[in-house]
Amino acid sequence: MAITSIKNLKEFSTNNDRFEGAHLLCPGCAHSMIVRELMNCTDDNLVIASNTGCLEVSTAVYPYTSWDTSWIHIGFENAATAASCAESMYKARKNKGTLKDPDAPVKFVAFGGDGSTYDIGFQWLSGAMERGHDFTYICLDNENYANTGGQRSSATPVGANTSTAQAGSHSYGKKQKKKDMVAIMAAHGAPYVAQLAPNKWKSMAKGFQKALETEGPCFINTVSACTTEWKFDPKDTINVTDLATDTLMFPIYEIIDGHELNILYRPKNILKVEDYLGAQGRYRHLFKPENKHVIERIQKDIDEKWEFLQRREEARI
Amino acid sequence: MSITGSVPGTDKRGLRELGAEEKVGWDEVTQGVTLNSFVGDAADIVHKKAEERNYNDFNSYTATVASWRIIKPVYNRDICIDCQNCWVWCPDTSIISRDKQMLGIDYDHCKGCGVCVEVCPTNPKSLLMFGEAEENDKALSAWPEKKKKEK
């Protein structure tokens with residue numbers, strides 16, 4: 001097992017990047033921060049499968065590829081399938097003895113956006129989790145279909161203005177709650193499920209290493225702030241993610257074996273959700289007086305969720 | 001098929017002209033073809049630094065997105081404490097770090113998002129954004145003084 005040291009940032013920075021620059025993601029996109037961190041936290045060979053989405057279209061624009069590892073692009077829904085099939089084939093060939101270098105450690109990773117994870121690839125992901133392949137699925141959750149113009153997905157939170165759930169005189173944006181994907185994946189009995197954020201780089205790197213080390217299907221939901229569709233300045237990616245974790249809009253926690261819940265980050269000062277909403281253009285309409293009830297609802301949902309997580313952590317069941 | 005602009009002084013980078021016989025459109029590529037990131041064996045690539053690797057023309061490391069930029073970060077070595085915050089959060093792999101030291105910025109891959117400046121903890125910041133046309137020496141001479149903490 002070749003896991004690199006993440007004791008501090010200086011040690012972490014001695015790794016050689018395997019995700020190259022000059023990909024065509026937007027300036028300030030959090031996708032590439034997350035992908036870089038995953039590829040830097042291990043020395044093992046990686047086989048990466050990508051769903052269609054921002055990450056895939058921007059990192060493999062003919063004639064260039066930004067990946068220094070084996071990389072498969074497959075349909076909008078199939079990254080989990082591709083990773084699990086590659087893993088099965090690897091095991092079969094290992095058993096037959098037809099591998100060139102059978103002792104080289106290989107890890108299988110699938111990347112999907114929230115559209116392909118929460119909506120379109122949900123069934124395939126569920127199937128791969130149930131079959132128990134040894135792979136890690138990482139969802140880059142930017143809460144909309146950012147690649148196609150910012151349509152709503154089932155990861156879009158209440159009140160967000162998207163191109164298919166528009167805010168206006170008759171609507172305050174999306175009305176439905178965000179799907180709790182982490183809980184659904186934990187309910188599959190997956191050995192390691194987590195929600196992580198790039199601004200807390202250490203807990204994220206630790207989570208990635210744990211997922212890669214764990215045998216069996218692991219799911220990680222990562223918060224990927226989208227400068228284009230969340231409508232904030234590219235330089236503020238980490239600031240907005242900080243607000244997301246400090247307002248508990250995105251609590252950082254892990255669930256081991258489907259029941260043992262650990263909260264990985266407790267903000268010293270829990271901020272009001274208005275700070276997070278006010279930093280983004282997609283929530284601007286919520287600050288009109290007639291939409292006050294929406295902010296109250298979002299805050300209430302966050303408080304309930306935090307209470308639930310804390311009690312789950314205490315109960316250890 | 002132009003995804004990059006021509007940037008002076010980057011003769012090693014930019015869209016390299018593939019040989020006439022190799023040049024095929026995206027719709028003429030045979031199914032199942034692979035783009036190799038490296039020339040030759042890529043087995044131990046994880047232990048090789050970027051300058052030791054034998055990049056293929058298909059690797060986006062050989063390309064540039066410098067033409068995207070309207071503002072650029074300028075790095076001041078005198079103030080830097082090598083915390084590597086900019087390295088871990090740079091979305092474009094543009095912070096060059098070797099042996100726990102920050103060396104500078106890869107201006108071929110930097111898109112000028114400004115995340116590195118935001119996460120820089122020093123006072124004054126050791127990275128600041130300047131206009132793309134500004135010369136680095138001039139920017140460094142106009143560096144702000146240390147700000148006193150407001151009480």
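Some observations on this one:
- Selection over the range B:114-124 of residues that are of a type outside the set (A, V, I, L, M, F, W, C) and crowded, with 20+ Cβ neighbours inside 10 Å gives a count of 2.
- Scanning the range B:28-64 for residues that are without any contact (Cβ under 8 Å) to a residue 60 or more places away in the chain, of a type outside the set (S, T, N, Q), part of a loop (DSSP other than H, G, I, E, B) and at the interface with another protein chain (Cβ under 9 Å from one of its Cβ atoms) turns up B:Val29, B:Leu35, B:Ala42, B:Ala43, B:Lys48, B:Lys49, B:Arg53, B:Asp57, B:Phe58.
- Matching residues, the range A:213-227, being more than 12 Å from chain B (Cβ to nearest Cβ) and polar (S, T, N, Q): A:Thr214, A:Asn221, A:Thr222
- Residue check, B:Ser67 part of a strand (DSSP E or B) and modelled with pLDDT under 95: no
- All told, A:Thr245 meets the bar of being more than 14 Å from chain B (Cβ to nearest Cβ) and touching a strand residue (DSSP E or B) at 6+ places or on another chain (Cβ under 8 Å).
- Condition broken by A:Trp71, with the remaining ones in (1) touching a strand residue (DSSP E or B) at 6+ places or on another chain (Cβ under 7 Å); (2) of a type outside the set (S, T, N, Q); (3) more than 14 Å from every other protein chain (Cβ to nearest Cβ); (4) surrounded by 20 or more Cβ atoms within 10 Å (Cβ to Cβ) satisfied: (3)
- If you go through the range B:76-120 and keep only what is over 16 Å from the mean Cα position of the chain (by Cα), touching a residue at least 24 places away in the same chain (Cβ under 8 Å) and within 8 Å of chain A (Cβ to nearest Cβ), you end up with B:Cys83, B:Val119.
- Scanning the range A:1-55 for residues that are more than 7 Å from every other protein chain (Cβ to nearest Cβ), among the polar types (S, T, N, Q), buried (at least 20 other Cβ atoms within 10 Å of the Cβ) and in a loop (DSSP other than H, G, I, E, B) turns up A:Asn15, A:Asn51, A:Thr52.
The values are calculated or read from the model by the stated rules, or taken from the named source; none is laboratory data. Nothing here was measured: the structure is a model prediction, and the numbers come from that model. Cβ coordinates were reconstructed from backbone atoms using ideal geometry, including for glycine residues, and neighbour counts include every protein chain displayed.
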